[in-house]
Every structure is written in C-alpha cells, then in structure tokens.
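Below is one structure, written out as structure tokens; comments come after it.
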C-alpha cells in the first residue's frame, strides 16, 4: 500500500514549481493546471500552506515560502490565463525574461506570451523587434495588450 507522500509527492512538487515560477496566481488558476484534479489541488494547496512551504496572500494569490513582498504581477496573472487556454496541449512551460512573461512548447513549436501594459507598448515592441531582427524569437507570439483588449497573435514566417 502506498503512503500519502508516495501518492501526492510528485503533484506537490509540481505545484510548488508552478507557484515559484508564477507567484501570485489564484486558486482557480492553479487548479486549471490540473484539469479533473481540482479537489486534489485544493487539498495540496491547503497542506502546503499548513507546512509553511507556501502561503496565500490577502489578495488570494499563492506565493512560495520566503517571498516576503507577496506582490502580484498583473501581467504574469494575465499571461497565465493565456497559458491555461493551451495547458492541455503544452508540452513544457516556464516563466521567461522581459518582454516575454511565459514561454511554452506545443507540438514542437515555441510560443511566447507577452504582456504589454498601458504605457509599455513602445518598449515591448522595440524589445521584440530586436529579438526578431537578430533571428531569435518563436514562430508564434501572443501579445496580451492592455486590459479590456483581446490578445493579438503574431505569426512569423
């Protein structure tokens, strides 16, 4: 018979990895990473909080232990929603460096999710242009623009 740690150890480790990569995500977002296993995810979140390995801020976002600021990055939260639309097809995902919030692979292609907050559009466009001009960058980028606007897709090729 397997112990609880043997049954849920891998899932707890993966959940901590997600919380560390994308701090400030809500319970609803974290549960969406594990479709069909929402109850297990909620139980693991509660268990990890009791253990002191993660904590839930007043805003509702989850943060890894030791993250004293507990400031939610709204761009990362929005980028995570875009990733969650593709989570069933994502082979691997990770946080990335500015201007990209999240990068993920699906069907052998690299996708990047970029959040351009109001007032940052020119800066992000310049950074992406430099990446494209140097031959870098993915075949597909999702630019999540200012709140209230739909995501814009940019296909290179």
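The table below lists the values:
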item	result
Unique residue being closer than 25 Å to residue 113 by Cα, touching a helix residue (DSSP H, G or I) at 6+ places or on another chain (Cβ under 8 Å), outside the structural domain of residue 120 (by TED's automatic domain parsing) and surrounded by fewer than 15 Cβ atoms within 10 Å (Cβ to Cβ) when the list is 60, 24	60
Residue that is modelled with the highest pLDDT [pool: residues in the stretch 59-73 that are closer than 12 Å to residue 25 by Cα and in a loop (DSSP other than H, G, I, E, B)]	61
Any pair with Cβ under 8 angstrom, 6 or more apart, that starts in the stretch 88-117 at a residue that is in the same structural domain as residue 16 (by TED's automatic domain parsing) and in a strand (DSSP E or B) and ends at one that is at pLDDT 90 or above and surrounded by 21 or more Cβ atoms within 10 Å (Cβ to Cβ)	none
Among the residues listed as 95, 141, the single one being at pLDDT below 90, surrounded by 14 or more Cβ atoms within 10 Å (Cβ to Cβ) and closer than 25 Å to residue 26 by Cα	141
Within the stretch 74-87, tally of residues that are buried (at least 17 other Cβ atoms within 10 Å of the Cβ) and outside any helix (DSSP H, G or I)	0
Test: residue in the stretch 42-50 that is at pLDDT below 95, touching a strand residue (DSSP E or B) at 6+ places or on another chain (Cβ under 9 Å) and surrounded by fewer than 19 Cβ atoms within 10 Å (Cβ to Cβ)	yes
Checking residue 70 against (1) surrounded by fewer than 14 Cβ atoms within 10 Å (Cβ to Cβ); (2) on the phi > 0 side of the Ramachandran plot, the condition it does not meet	(1)
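The values are calculated or read from the model by the stated rules, or taken from the named source; none is laboratory data. Please read these numbers as outputs of a predicted model, since none were measured by experiment. No Cβ is skipped: glycine too gets one built from the backbone with ideal geometry, and neighbour counts run over all protein chains shown.
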